[in-house]
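Take a look at the structure below.
The values are calculated or read from the model by the stated rules, or taken from the named source; none is laboratory data. Model, not experiment: these values are computed from the prediction. Reconstructed Cβ throughout: ideal geometry from the backbone, glycine too, with neighbour counts over all protein chains shown.
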Amino acid sequence: MSSFSSRAVSFLVALAAGAVLTACQTDNLHIVRAPFISPIAAPGTDNVFYLNVVVRNDTDETHPATYLWIKVEYPDFASSGGPPCAAYDDFEPVPPLQPGETWALTDYRIDRGSTQCPCQKDGCDGHLWLSLVWAPAPGPALPGPETEMHVDWASSGDLALLKITSN
C-alpha cells in the first residue's frame, strides 16, 4: 500500500499543478478542482473506494489552520437500495498554509474500513460534500469560491462518470 500512497501523492501534486495553471486565481483558500473518488485495484485492496483531494492557499498571507468537512452517504445495495448504509461526517485538519502552498488528503477510504457496510467497486455509488470550515463542526464554508464541493461517484469507479459541482 505504501507504493500506492507515493503514486497517489505524485499524481495529486501533478494534478494540482495542472489545475492551478488552468484555474482562475481565486484569492482565497479553496479546494482545487481535483477531488476524485475511485476504487483502487491493487493487491489487498478489494477494490474499495478512496477519496483524494487537494486544498490550496491562493492568498498573499499565511492562511490559518482550518478543517475539511467530509460528509459521506452511500446506499446499502444488499437491501435493494434502501436507506444509506453509511452516512457520516468527518473533519480532517488542514494545517496553516503559506501563499501558494497546497495540502493533500490522499488514500481516504470512503467506508473507513467497515466490514458491515463496505464501499467496493460495482456495489457502491454515492455522494459526498466537501467544505472548508473553521472548526471541527458542521457549519458554513469559508467565504470564497471553491470552498464547498459536491461529488457523486458511480459504482463502476469510472472517472468519466464522476460529477463535481462547487460553490
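Filter region 113-167 down to the residues that are touching a strand residue (DSSP E or B) at 6+ places or on another chain (Cβ under 9 Å), aliphatic (A, V, I, L, M) and not in a loop (DSSP other than H, G, I, E, B) and list them by number.
Hits for region 113-167 are L128, L130, L132, V133, M149, V151, L159, L161, I164.
Among the residues of region 89-101, what is the count of those that are over 14 Å from the mean Cα position of the chain (by Cα) and assigned to a strand (DSSP E or B)?
Keep residues of region 89-101 that are over 14 Å from the mean Cα position of the chain (by Cα), which gives 95-101.
Next, only the ones that are assigned to a strand (DSSP E or B) stay: 97.
Count: 1.
Can you tell me which residue within region 108-123, out of those that are touching a Gly at 6+ places or on another chain (Cβ under 9 Å) and of a type outside the set (A, V, I, L, M), is nearest to H30 (Cα to Cα)? Working first, answer last.
In the first step, residues of region 108-123 are kept if they are touching a Gly at 6+ places or on another chain (Cβ under 9 Å); the result is 110, 119, 121-122.
Now drop any that are not of a type outside the set (A, V, I, L, M), which leaves 119, 121-122.
Values: C119: 27, K121: 29, D122: 31 Å.
Filtering region 108-123 for residues that are touching a Gly at 6+ places or on another chain (Cβ under 9 Å) and of a type outside the set (A, V, I, L, M), the one nearest to H30 (Cα to Cα) comes out as C119.
Just to verify a result, which residue in region 92-139, among those that are of a type in the set (S, T, N, Q) and under 26 Å from S155 (Cα atoms), is surrounded by the fewest Cβ atoms within 10 Å (Cβ to Cβ)?
To start, the set of residues in region 92-139 that are of a type in the set (S, T, N, Q) comprises 98, 102, 106, 114-116, 120, 131.
When the remaining residues are screened for being under 26 Å from S155 (Cα atoms), the result is 106, 114-116, 120, 131.
On the way: T106: 17, S114: 14, T115: 6, Q116: 8, Q120: 16, S131: 22.
Checking each candidate, the answer is T115.
Restricting attention to region 131-162, which residues are under 17 Å from K121 (Cα atoms) and not polar (S, T, N, Q)? Please lay out each step first, then the result.
Of the residues in region 131-162, the ones under 17 Å from K121 (Cα atoms) are 151-162.
Of everything in region 131-162, those that are under 17 Å from K121 (Cα atoms) and not polar (S, T, N, Q) turn out to be V151, D152, W153, A154, G157, D158, L159, A160, L161, L162.
(1) farther than 21 Å from L132 by Cβ; (2) at pLDDT below 70; (3) of a type in the set (S, T, N, Q): which one isn't true of T26, the others all being true?
(1)
What is the one condition in (1) under 22 Å from G144 (Cα atoms); (2) at pLDDT below 85; (3) surrounded by fewer than 19 Cβ atoms within 10 Å (Cβ to Cβ) that A34 does not satisfy?
The single condition A34 does not satisfy is (3).
Could you identify the single residue in Y88, Y67, Y74 that is surrounded by fewer than 17 Cβ atoms within 10 Å (Cβ to Cβ) and either at pLDDT 95 or above or more than 19 Å from E146 (Cβ to Cβ) (or both)?
Working: Y67 fails: surrounded by fewer than 17 Cβ atoms within 10 Å (Cβ to Cβ); Y74 fails: surrounded by fewer than 17 Cβ atoms within 10 Å (Cβ to Cβ).
The unique qualifying residue is Y88.
Taking only region 137-167 into account, find how many residues are within 25 Å of V94 (Cα to Cα) and over 16 Å from the mean Cα position of the chain (by Cα). Steps first, answer last, please.
Start the filter on region 137-167 by keeping residues that are within 25 Å of V94 (Cα to Cα), which leaves 137-153, 162-167.
Cutting the leftovers down to over 16 Å from the mean Cα position of the chain (by Cα) gives us 137-140, 142-145.
So the count comes out to 8.
Restricting the search to region 95-131, which residues are in contact with a Lys or Arg (Cβ under 9 Å, 6 or more places away or on another chain) and of a type in the set (S, T, Y)?
Within region 95-131, the subset in contact with a Lys or Arg (Cβ under 9 Å, 6 or more places away or on another chain) is 97, 100-103, 119, 127-131.
Of everything in region 95-131, those that are in contact with a Lys or Arg (Cβ under 9 Å, 6 or more places away or on another chain) and of a type in the set (S, T, Y) turn out to be T102, S131.
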